[in-house]
Amino acid sequence: MKTTRLFIASSNELEADRKAFREYLSVLNEHLNKKGIHLELKQWEYLPDQLSDQSKQDEYNAVLQECELMVCLFHTKAGKYTQEEFFMALNSFKERGKPRIFVYKKNCADGEQEEQSLADFIDKLNRERQFPRAYNDFEHLKNLFRDQLDLLEGNGFLSDPNTRMLSIPRALSQSIPKLDPNELIGRTEDLKELRTMLRDNKQVALVNGLGGIGKTTLAQAYVGKHWTDYQHIAWISMNSDQPELDFTTDPTLLKNLGINAEGMDLNALFSEVLNQMKRLGSATNLLVLDNAGPSLESIKNQLPQQPRWHVLVTSREELEGFSLKPLDFLSPDEAFSLFTKHAPHSPLSEEEIKNLIESVDYHTLTIEILAKSVRVHHYTYETLRSALAENARTRVKTGHSQQQKIEAVTSYLCSIFKLHDLQPDERWLLRQFICLPPNFQPYELLVQLINPAASEREAIFSETLDSLVKKGWLIREDKDDAYKMHRIIGEVVKTQAFPELEDVLPLIESVRALLYIDDTKDNPVEKFEWAEYGESVLEALSSKRNPKIADSKELMELMDALGLVFRELGQYQKAKKLTTDTLDCSLRINGEEHSDTARFQSNLAIVLQELGEFQEAKILLHKALKSYESNFGENHPSTAISYSNLATVLQNLGEYEEAKILLQKALKSDESNFGENHPSTAISYGNLAGVLQDLGDLQHALNYAQKALTIFTQTLPEGHPYIDIMKKRIINIQSQLK
């Protein structure tokens with residue numbers, strides 16, 4: 001027989017009601033005993049007098065904590081000890097789920113006056129969401145209590161728990177998406193670690209990682225592998241930011257826990273769900289909380305505890321108070337196996353599959369979607385490569401989407417990663433990251449590139465980075481304090497929050513400055529490492545996404561600087577494409593007569609020379625020179641550079657005399673503007689030496705070359721290519737003189 005202990009607390013003024021309650025329980029037990037239920041009354045008048053030296057109230061409180069039920073009766077006042085008993089019971093209920101508390105207030109008769117102590121106490125009760133039920137006389141109280149008792153009996157609260165457990169199924173919730181662990185790819189060790197954390201270390205395990213990396217799949221496989229190891233299993237999808245709502249919306253869970261939700265508010269129902277879970281037998285149970293958010297932290301201490309419950313949480317966020325189990329990406333080989341599992345007869349070659357899975361940064365969910373899309377739509381490799389940018393149609397199901405069909409790949413990913421949940425500073429920082437290469441960037445370099453001070457965000461920069469890592473939007477490499485954005489996240493951010501020009505102006509300028517080659521002091525080799533940063537910015541801000549940004553002066557300057565770096569790298573076709581786009585952009589923005597247009601005409605011509613397209617270069621340089629002379633005059637440094645550029649093309653075309661005249665003009669301008677010992681002047685000396693050598697004036701050529709080398713050696717950094725070029729020219733001239 002199951003004995004349930006009941007404690008009654010009230011002041012002396014309700015002594016008659018307490019006595020009647022005791023007599024009523026004797027009658028009630030005759031009925032309940034036949035069902036294997038017995039109510040044992042604990043009442044202060046009947047506790048022994050001789051127990052210890054503690055105060056009587058301490059002993060009453062100790063007895064109270066052992067009870068499963070408590071009835072509090074009030075009439076015109078709330079005595080000190082009765083209040084103490086109530087709050088001790090309430091704290092015990094919050095910590096241990098018992099006793100259940102029922103509060104009743106007897107209505108006042110004519111002439112009776114309520115004391116202030118009662119009003120103050122009822123105010124405290126209301127703040128604790130405890131609302132007393134009013135009664136007129138004991139017969140009324142008896143009926144109210146019996147209604148509550150019937151609910152408890154219906155919920156199985158009064159029954160023997162071991163008998164009750166036999167009627168409750170293992171699957172407590174409506175849907176528990178377990179997975180055969182043999183179907184899981186590359187997560188064997190992760191499953192073992194989870195088992196150790198839950199069973200041996202008795203931890204609440206939080207599987208943490210990027211959205212779509214396989215957290216839910218791992219939890220499903222854990223359930224599948226250990227299905228028979230647990231007496232009861234509940235799976236709760238945390239779909240809202242209210243854990244109370246998520247715990248109480250599954251009718252199957254409520255039914256299996258024996259809960260009648262009628263008339264209960266959300267908080268009361270939530271407490272009832274947790275309490276009933278905590279009462280489930282003595283064997284081990286499993287609670288899976290899938291896709292939890294930070295709101296789970298608020299109820300962490302209310303969750304069922306070890307050892308009777310293993311609690312497994314999945315979240316893309318690092319939640320406080322849980323034992324972290326980070327989930328890493330699949331290896332390239334595992335990702336390849338995942339693709340071929342879902343597309344066993346794919347028309348793609350092995351190399352194409354490897355390139356494809358690398359292009360999505362080994363993101364588990366995206367690989368599954370693309371593989372199944374191949375199977376359904378017979379997509380080609382080229383179509384799959386552009387699937388994210390083009391939001392390709394899929395119409396497939398995945399374990400992540402369960403019964404929902406994914407209409408289009410990027411739209412579905414956007415439904416997983418929702419930027420509207422982020423703060424404005426967090427969205428701003430993500431917009432910076434989509435412009436950076438998708439690899440780890442050290443913190444100091446991020447500060448240099450993004451320049452948060454220019455956006456007045458210097459004070460919050462590091463904490464915003466940390467927040468995005470904890471929320472699963474960025475990945476941190478702790479060893480080097482470096483950060484990256486996953487390629488899939490980048491595509492989602494581009495779709496949902498494409499940056500405005502002002503968002504990324506400091507970044508564009510930082511990258512342009514790192515790419516810019518100053519011939520008078522920079523070694524071009526040192527610029528090569530920044531080429532990928534320039535390409536990444538341009539790709540992120542492509543005209544397809546925002547034509548307004550693509551036609552901005554800032555991006556035009558970046559394209560030009562990157563084009564000239566590619567020219568130094570010997571990647572002339574890339575350089576031609578970029579410098580051509582730059583010139584086209586300037587013609588649209590500035591027109592043909594603008595000095596910037598002239599500069600970009602010159603830069604394109606320099607690249608065309610490397611490709612042997614001298615006539616095309618000559619036409620552009622004549623246009624540029626005309627513009628410079630018109631805008632600045634013949635003695636301006638920019639005009640001097642234009643003289644030199646055109647002379648170089650003429651020299652390649654064999655027009656040496658005309659080239660000589662132009663180079664003499666350039667030298668005269670440089671000597672006037674910079675003096676004889678400036679690197680710019682030295683460049684003119686070297687250029688003139690070259691054309692004089694072609695004309696056979698070897699001695700003058702040697703003199704100019706030697707002057708140029710002396711200045712270069714004194715003003716340029718060691719190893720600068722101009723020094724080596726001039727040394728070779730001098731040796732060549734000297735050999736001709738012999």
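Between 331, 298, the distinction of being within 22 Å of the chain's Cα centre (by Cα), farther than 30 Å from residue 355 by Cβ and not aromatic (Phe, Trp, Tyr) belongs to 298 only. Here residue 644 fulfils each of the conditions (1) in contact (Cβ under 8 Å) with a residue 12 or more places away in the chain; (2) closer than 27 Å to residue 539 by Cα apart from (2). In the stretch 105-136, what residues are under 56 Å from the mean Cα position of the chain (by Cα), among the acidic types (Asp, Glu) and surrounded by 11 or more Cβ atoms within 10 Å (Cβ to Cβ)? Listed by number, the residues that qualify are 120, 128. Residues in the stretch 521-530 that are at pLDDT 85 or above and assigned to a loop (DSSP other than H, G, I, E, B): 2 in all.
Residues are listed down the side, and each one gets a yes or a no for (1) in a loop (DSSP other than H, G, I, E, B); (2) touching an Asp or Glu at 6+ places or on another chain (Cβ under 7 Å); (3) at pLDDT below 90; (4) closer than 23 Å to residue 442 by Cβ:
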site	(1), (2), (3), (4)
508	no, yes, no, yes
519	yes, no, yes, no
532	no, no, no, yes
543	yes, no, yes, no
555	no, no, no, no
558	no, no, no, yes
565	no, no, no, yes
579	no, yes, no, no
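Scanning the stretch 311-364 for residues that are open to solvent by less than 50 Å² (accessible area, probe 1.4 Å), aliphatic (A, V, I, L, M) and over 19 Å from residue 388 (Cβ atoms) gives 311, 312, 313, 319, 327. In the stretch 437-453, is there at least one residue being closer than 30 Å to residue 368 by Cβ and either of a type in the set (Phe, Trp, Tyr) or part of a helix (DSSP H, G or I) (or both)? Yes; the residues of the stretch 437-453 include at least one that is closer than 30 Å to residue 368 by Cβ and either of a type in the set (Phe, Trp, Tyr) or part of a helix (DSSP H, G or I) (or both).
Yes or no, residue by residue, for (1) surrounded by 13 or more Cβ atoms within 10 Å (Cβ to Cβ); (2) assigned to a strand (DSSP E or B); (3) at pLDDT below 80:
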{"residue": "7", "(1), (2), (3)": "yes, yes, no"}
{"residue": "14", "(1), (2), (3)": "yes, no, no"}
{"residue": "38", "(1), (2), (3)": "yes, yes, no"}
{"residue": "45", "(1), (2), (3)": "no, no, yes"}
{"residue": "49", "(1), (2), (3)": "no, no, yes"}
{"residue": "52", "(1), (2), (3)": "no, no, yes"}
{"residue": "61", "(1), (2), (3)": "yes, no, yes"}
{"residue": "84", "(1), (2), (3)": "yes, no, no"}
{"residue": "103", "(1), (2), (3)": "yes, yes, no"}
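Each row is one residue, and each column tells you yes or no for (1) more than 21 Å from residue 669 (Cβ to Cβ); (2) touching a Ser or Thr at 6+ places or on another chain (Cβ under 8 Å); (3) of a type outside the set (Asp, Glu).
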site	(1), (2), (3)
596	no, yes, no
607	yes, yes, yes
619	yes, no, yes
631	no, yes, yes
640	no, yes, yes
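Among the residues of the stretch 704-722, the one identified as crowded, with 19+ Cβ neighbours inside 10 Å and β-branched (Val, Ile, Thr) is 711. Across the stretch 18-36, which residue is surrounded by the most Cβ atoms within 10 Å (Cβ to Cβ) among those that are touching a helix residue (DSSP H, G or I) at 6+ places or on another chain (Cβ under 9 Å) and more than 17 Å from residue 141 (Cα to Cα)? By that ranking, first place goes to 32. Filtering the stretch 111-126 for residues that are modelled with pLDDT under 85 and either acidic (Asp, Glu) or closer than 14 Å to residue 8 by Cβ (or both) leaves an empty set. Cβ-Cβ distances below 8 Å connect the following pairs, each with a first residue in the stretch 137-150 that is more than 17 Å from residue 74 (Cβ to Cβ), a second residue that is at pLDDT below 80, and a separation of six or more residues or different chains: 149/158.
Conditions (1) open to solvent by less than 20 Å² (accessible area, probe 1.4 Å); (2) closer than 13 Å to residue 288 by Cα, marked per residue:
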site: 171; (1), (2): no, yes
site: 185; (1), (2): no, no
site: 188; (1), (2): no, no
site: 198; (1), (2): yes, yes
site: 209; (1), (2): yes, no
site: 213; (1), (2): yes, no
site: 224; (1), (2): no, yes
site: 229; (1), (2): no, no
site: 235; (1), (2): yes, yes
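The values are calculated or read from the model by the stated rules, or taken from the named source; none is laboratory data. All of these numbers come straight from a predicted model, not from anything done at the bench. No Cβ is skipped: glycine too gets one built from the backbone with ideal geometry, and neighbour counts run over all protein chains shown. Quick note on the areas: whole protein, heavy atoms, side chains included, nothing else; ligands and nucleic acids left out. Shrake-Rupley method; radii C 1.70, N 1.55, O 1.52, S 1.80 Å.
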